[in-house]
Amino acid sequence: ISTVWDITLRKRAEKALQKSEEKYKRLSENTPAIVYQFKMNPDGEFTFPFINTAVKSIMGVDSEKVMQNASGFLDMIHPQDQKMFLDGVLKSAKSLELYHAIIRYLKDGEVRWVEARSTPNLIADGSILWDGFIIDITEKKKAEEEKKVLEYKLLQAQKMESIGTLAGGIAHDFN
């Protein structure tokens, strides 16, 4: 007696799944943003099941190291932003609403800015898994600061011009 199973459909499905995984991996590796999965276990421990290699160019850490130990990545967050980050993560975990934050981090002693967005999902084991991305907005923040400085200087110049016009009018009246 023998039994024969036709596994053609299963093999096709496996091949289609493999192609799909390869496609999404190529997409995530070719984007200029950090693409990640961030997980909070029921015991409160944080891990990164996936983070693409863009984390090296943006934040200066190796993706393999981040996936092995999330604390090194989380320690890079600016000390003044760590509470805001943690509060936002816990709020997102509780409400299962989009997490969005603009946070500072330290790279080689320099303060840099990133914007993070991620969508949480509740997993069967009680963990929360966020799928998201992080983009470097340091240049945008620097441009905003420069704009503020220029606007202040323009306002000061306009004040000086007004004082000059007033002084000229008074001098004219005295003449």
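The values are calculated or read from the model by the stated rules, or taken from the named source; none is laboratory data. On a predicted model such as this, the values are computed, not experimentally measured, just so you know. Positions of Cβ are generated from backbone atoms using ideal geometry, with glycine treated the same way; all protein chains shown enter the neighbour counts. When the accessible area is computed, the model is the full protein with side chains, heavy atoms only, and any ligands, DNA or RNA have been set aside. Shrake-Rupley method; radii C 1.70, N 1.55, O 1.52, S 1.80 Å.
How would region 1-64 be classified by its alpha-carbon gyration tensor: rounded, prolate or oblate, with rounded meaning a/c under 1.5 and the a/b versus b/c comparison settling the rest? Oblate, because a/c is 1.5 or more while a/b does not exceed b/c.
When the pairs 91/153; 107/159; 25/140 are compared against a 31 Å limit on Cα-Cα distance, 91/153; 107/159 fall above it. How charged is the neighbourhood of residue 128? Take every other residue with its Cβ under 13 Å from the Cβ of residue 128, and add Lys/Arg as +1 and Asp/Glu as -1. Spelling it out: positives minus negatives among the neighbours equals -2.
In this simple spin-label model, placing a label point 7 Å from the Cα along the Cα-to-Cβ direction at both residue 83 and residue 64 gives a separation of 3.8 nm. For a paramagnetic label modelled on residue 161 (point 7 Å from Cα along Cα→Cβ), amide N atoms under 13 Å away belong, within region 137-154, to 153-154.
Can you give the net charge of the other residues whose Cβ lies under 12 Å from the Cβ of residue 49, counting K and R as +1 and D and E as -1?
For residues surrounding residue 49, the net value is 0.
Over the chain, accessible surface divided per residue gives 71 Å², non-protein components excluded, 1.4 Å probe. Accessible area per residue was computed with a 1.4 Å probe on protein heavy atoms; residue 165 scores about 100 Å². Computed over the chain with a Gaussian network model linking Cα atoms closer than 10 Å, the most mobile of 154, 122, 90 is 154. For the options 87, 136, 43, a Gaussian network treatment of the chain with springs between C-alpha atoms closer than 10 Å singles out 43 as fluctuating the most. Working note: Cα atoms of the chain, range along each principal axis, descending, whole Å: 124, 34, 32.
A Gaussian network model of the chain, with springs between Cα atoms under 10 Å, assigns the largest mean-square fluctuation among 72, 109, 60 to 109. Split the accessible area of the chain by element, probe 1.4 Å, and carbon with sulfur accounts for 57%. If the Kirkwood radius is taken over C-alpha pairs of region 58-137, then at 37 °C and 0.692 mPa s the Stokes-Einstein diffusion coefficient equals 245 µm²/s. Separation of region 54-91 and region 1-24, taken as the distance between their Cα centroids, equals 38 angstrom.
Need one number for region 3-107: average projected area of the convex hull over its C-alpha atoms, nm².
Details: hull surface 39.4 nm².
Mean orientational projected area (region 3-107, Cα hull): 9.9 nm².
Cβ-Cβ distance of residue 11 and residue 121, R₀ of 30 Å, FRET efficiency by 1/(1 + (r/R0)^6): the value works out to about 0.50.
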